[in-house]
Amino acid sequence: MAIKTDAVGKSWDPASFEVEAARITQYADAVGEQSPIHRDAEAARAAGYRDVVAPPMFAVVYSLPAMGAALFDEEVGMDFARMVHGAQEFVWGEPVCAGDVISTTVTCKSIEERGGLGFYVFESVSTNQDGAETARGTWTNIVRGVS
């Protein structure tokens, strides 16, 4: 299977995500985060946040809808049956709180073959309703058997 590189440099339309307090609490429960700032608006405000605040890796929840558009694009040509998650890195900015509307744009940074593996690297940039960057992610997926 030949690797396609047509999508390198392509950006997809932003995806919007409305952050709800209940969703933050569910995520906190799922990852074992016990801090009251993820459950109680008063505790979050007392800690200096605008409302219930999301744990940092909640970035995956609000970024994933935008990533889906990129990963399933035919121009990218990723073979999901052979794909494994390679790496994920985030740099966080403004904390995400209940009531925020997060917009995420994804860009394909590189697609290359190395040693029979396809490396697909994407960057996501998420901003809140005020335009403040909340997270910048680098997502690397590896596809086996591309040569």
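The values are calculated or read from the model by the stated rules, or taken from the named source; none is laboratory data. All values derive from a computational prediction rather than experimental measurement. Note: areas computed on protein heavy atoms with side chains; ligands, DNA, RNA excluded. Shrake-Rupley method; radii C 1.70, N 1.55, O 1.52, S 1.80 Å.
Quick look at the numbers
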{"read-out": "Ellipticity estimate at 222 nm from DSSP helix runs (n ≥ 4, -39,500 (n - 2.57)) divided over the chain, nearest 500", "value": "-6000 deg cm²/dmol"}
{"read-out": "Within the accessible area of the chain (1.4 Å probe), percent carbon and sulfur", "value": "51 percent"}
{"read-out": "Rounded to the nearest 10 Å², the accessible area of R50 at probe 1.4 Å", "value": "110 Å²"}
{"read-out": "Rounded accessible area of V91 (nearest 10 Å², 1.4 Å probe)", "value": "100 Å²"}
{"read-out": "With Cα atoms, 0 to 90° folded angle of helix 21-31 axis to the chain main axis", "value": "60 degrees"}
{"read-out": "Heavy-atom accessible area ranking, 1.4 Å probe, most first, across W12, W92", "value": "W92, W12"}
